[in-house]
Amino acid sequence: AQSVTQLGSHVSVSEGALVLLRCNYSSSVPPYLFWYVQYPNQGLQLLLKYTSAATLVKGINGFEAEFKKSETSFHLTKPSAHMSDAAEYFCAVSGPLNAGNMLTFGGGTRLMVKP
Amino acid sequence: EAQVTQNPRYLITVTGKKLTVTCSQNMNHEYMSWYRQDPGLGLRQIYYSMNVEVTDKGDVPEGYKVSRKEKRNFPLILESPSPNQTSLYFCASSDSLFEEKLFFGSGTQLSVL
């Protein structure tokens, strides 16, 4: 089965600083990879997805992620954090080995942004 | 407006008292799924459905039932809830199994005393 590991359950940055949220996956076939964001008291929303096109994927709200096959990573970055970015972020993987299982999620990383 | 609607938003119940959490989507999606979210564990899939009358177990199906009698509805049933089912539950739907994004409901916070 495929799996996802998010390093760091909590990440704190200052407003204006670089945001880096780490995600590593395990898969024996090229996966589809996703980042979702969850704001307080809301469901998850898609930030961006990788489906074997360009390895650098741009998403909403200035976020982007780079697929690195050699490192089995799909880290999420944003050059300058904003207070409104405070939320929980989930990396997820899907693919043929997940047939019917839609998505496998990582444990989540809560991003805190200090003024 | 495209949406997935879950009800209720909050539910407190006692051990053994049957309950149903409803989920409805208005996007004509074939795929629907239930997840539970627990701190540090992310979201884990309970059951999913690929179409009407087609359902299958996810990663943590024990203690849950589902049905898919109509395309738009996918209720989650707890026949005899236990305290370890206290969790935040999300319903989701999608137009495709692998590539397309999931649309999530707003969640149901369930507490079983």
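The values are calculated or read from the model by the stated rules, or taken from the named source; none is laboratory data. Values in this document were obtained by computation on a predicted structure and should not be read as measured data. Neighbour counts run over all protein chains shown; Cβ positions are idealised from the backbone, glycine included. Protein only, heavy atoms only, side chains kept; ligands, DNA and RNA dropped before computing areas. Shrake-Rupley method; radii C 1.70, N 1.55, O 1.52, S 1.80 Å.
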Review point. Is it the case that some residue within the range B:46-66 is in contact (Cβ under 8 Å) with a residue 24 or more places away in the chain, out of contact with any strand residue (DSSP E or B) (no Cβ under 9 Å at 6 or more places or on another chain) and not aromatic (Phe, Trp, Tyr)?
Key: no
Point to revise | Per-region count, the range A:68-84, residues under 22 Å from A:Val4 (Cα atoms) and open to solvent by less than 20 Å² (accessible area, probe 1.4 Å) | key: 3
Exercise for review: Kindly list the number of the only condition in (1) touching a residue at least 60 places away in the same chain (Cβ under 8 Å); (2) farther than 22 Å from A:Ser94 by Cα that fails for B:His29.
Suggested key: (2)
Review point. Counting just the residues of the range B:87-113 that are touching a Leu at 6+ places or on another chain (Cβ under 6 Å) and assigned to a loop (DSSP other than H, G, I, E, B), which one comes out farthest from B:Asn51 (Cα to Cα)?
Key: B:Gly107
Check your understanding: Among the residues of the range B:79-94, is any within 14 Å of chain A (Cβ to nearest Cβ) and over 22 Å from A:Glu88 (Cα atoms)?
Key -> no
Check your understanding: List the pairs whose first member sits in the range A:39-57 and is touching a residue at least 40 places away in the same chain (Cβ under 8 Å), whose second member is surrounded by fewer than 17 Cβ atoms within 10 Å (Cβ to Cβ), and whose Cβ atoms are under 7 Å apart, counting only residues at least 6 apart or on separate chains?
Key -> A:Leu47/A:Ile60
Exercise for review: Could you check how many residues of the range A:14-36 are open to solvent by less than 20 Å² (accessible area, probe 1.4 Å) and under 21 Å from A:Gln2 (Cα atoms)?
Suggested key: 8
Check your understanding: Which residues, taken from the range B:56-86, are open to solvent by 60 Å² or more (accessible area, probe 1.4 Å) and part of a strand (DSSP E or B)?
Key -> B:Asp56, B:Lys57, B:Lys65
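Within the range A:28-67, work out how many residues are part of a loop (DSSP other than H, G, I, E, B) and under 30 Å from B:Tyr89 (Cβ atoms). So that I can check it myself, show each step before the final result.
If we filter the range A:28-67 for residues that are part of a loop (DSSP other than H, G, I, E, B), which is where we start, we get A:28-31, A:39-43, A:51-55, A:59, A:63.
After this cut, where a residue has to be under 30 Å from B:Tyr89 (Cβ atoms) as well, the list is A:31, A:39-43, A:51, A:59, A:63.
Looking only at that region, the number is 9.
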Review point. Considering only residues of the range B:11-50 that are within 14 Å of chain A (Cβ to nearest Cβ) and of a type in the set (Val, Ile, Thr), which is surrounded by the fewest Cβ atoms within 10 Å (Cβ to Cβ)?
Key: B:Val21
